[in-house]
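Engineer: There's a structure below that I have some questions on.
The values are calculated or read from the model by the stated rules, or taken from the named source; none is laboratory data. All of these numbers come straight from a predicted model, not from anything done at the bench. Cβ placement follows ideal geometry from the backbone for every residue including glycine, while neighbour counts extend to all protein chains displayed. Accessible surface areas use protein heavy atoms only, side chains included; no ligands, DNA or RNA. Shrake-Rupley method; radii C 1.70, N 1.55, O 1.52, S 1.80 Å.
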Amino acid sequence: RALLTPPPPPRWAAQVKTTALGAGEELLRRLMEKFADNKIVIRQANLRLLKKLMGVVSPTRVLRPLLSYVSHANSHIREQAIAVLIQSLNAASSLTRDMYRAALDALAVALTDSKPRVRSAALEAAAVRAVSSGPVAFSRLLDESSLDAATRAEIDERVRMGVLPQVADDGIVV
């Protein structure tokens, strides 16, 4: 009977897991800060690296820490955070309701951004969210959100267009 009981995990296992999680968040932070670079080549390479990162780890692991960058002071970082958000939503097979709500809350700020490219990217991300969560669930989330009627109408109009946005190799949302 004692042979069938698995041994307890070593005490250092939790520490290794915590260190790995911290290292992943630090890597994401450093990659996101590189989007502030004025050289498009650097931002493109950075976006490709983030795509690879999401191929190695689950997109949902990237999504939660990524949401804070949607309201970053630098507009390049805000726009690229939304581009990575679109990639995460496209790559994730399903997300929890809380994760969808957190993504919509982050996008609510970006939908009223002073920079047109950030607003446009946020609108595209909202369209991806609408399709990935389904029309009924998205409608419920919109009802729970703080978005005004004009912004909701803009999202509805974008969703009716039908073609989902993608992120081009240069990081532009198309």
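Engineer: Filter the range 91-120 down to residues that are of a type outside the set (S, T, N, Q) and without any contact (Cβ under 8 Å) to a residue 24 or more places away in the chain and give me whichever is surrounded by the most Cβ atoms within 10 Å (Cβ to Cβ).
Structural biologist: Among those residues, the one meeting the criterion is Arg119.
Engineer: Something else: Can you tell me which residues in the range 51-83 are of a type in the set (A, V, I, L, M, F, W, C) and free of Cβ contacts under 8 Å to residues at least 40 places away in the same chain? Reasoning before the result, please.
Structural biologist: The initial filter retains those residues of the range 51-83 that are of a type in the set (A, V, I, L, M, F, W, C), namely 53-54, 56-57, 62-63, 66-67, 70, 73, 77, 81-83.
Hits for the range 51-83 are Leu53, Met54, Val56, Val57, Val62, Leu66, Leu67, Ala73.
Engineer: So which residues in the range 56-78 are farther than 15 Å from Glu25 by Cα and either β-branched (Val, Ile, Thr) or open to solvent by less than 20 Å² (accessible area, probe 1.4 Å) (or both)?
Structural biologist: Val70, Ile77 - these are the residues of the range 56-78 that are farther than 15 Å from Glu25 by Cα and either β-branched (Val, Ile, Thr) or open to solvent by less than 20 Å² (accessible area, probe 1.4 Å) (or both).
Engineer: Is it true that Ser88 is hydroxyl-bearing (Ser, Thr, Tyr), crowded, with 19+ Cβ neighbours inside 10 Å and touching a residue at least 12 places away in the same chain (Cβ under 8 Å)?
Structural biologist: yes
Engineer: Among the residues in the range 10-25, are any at pLDDT 80 or above, touching a helix residue (DSSP H, G or I) at 6+ places or on another chain (Cβ under 6 Å) and on the phi < 0 side of the Ramachandran plot?
Structural biologist: The answer is no, given that none of the residues of the range 10-25 is at pLDDT 80 or above, touching a helix residue (DSSP H, G or I) at 6+ places or on another chain (Cβ under 6 Å) and on the phi < 0 side of the Ramachandran plot.
Engineer: Right, another one. Within the range 48-155, which helices (runs of 4 or more DSSP H) (wholly inside it) include 1 or more residues that are modelled with pLDDT of 85 or more and within 13 Å of the chain's Cα centre (by Cα)?
Structural biologist: Working: elements: 59-66, 75-91, 97-110, 116-133, 135-144.
Counting at least 1 such residues, we get 59-66, 75-91, 97-110, 116-133.
Engineer: Just name the residue that is modelled with the lowest pLDDT out of those in the range 156-174 that are charged (D, E, K, R) and open to solvent by 60 Å² or more (accessible area, probe 1.4 Å).
Structural biologist: Per the stated criteria, the residue is Asp169.
Engineer: Considering the range 121-140 alone, what residues qualify as being surrounded by 19 or more Cβ atoms within 10 Å (Cβ to Cβ) and among the aliphatic types (A, V, I, L, M)?
Structural biologist: Ala121, Ala122, Leu123, Ala125, Ala126, Ala127, Val128, Ala130
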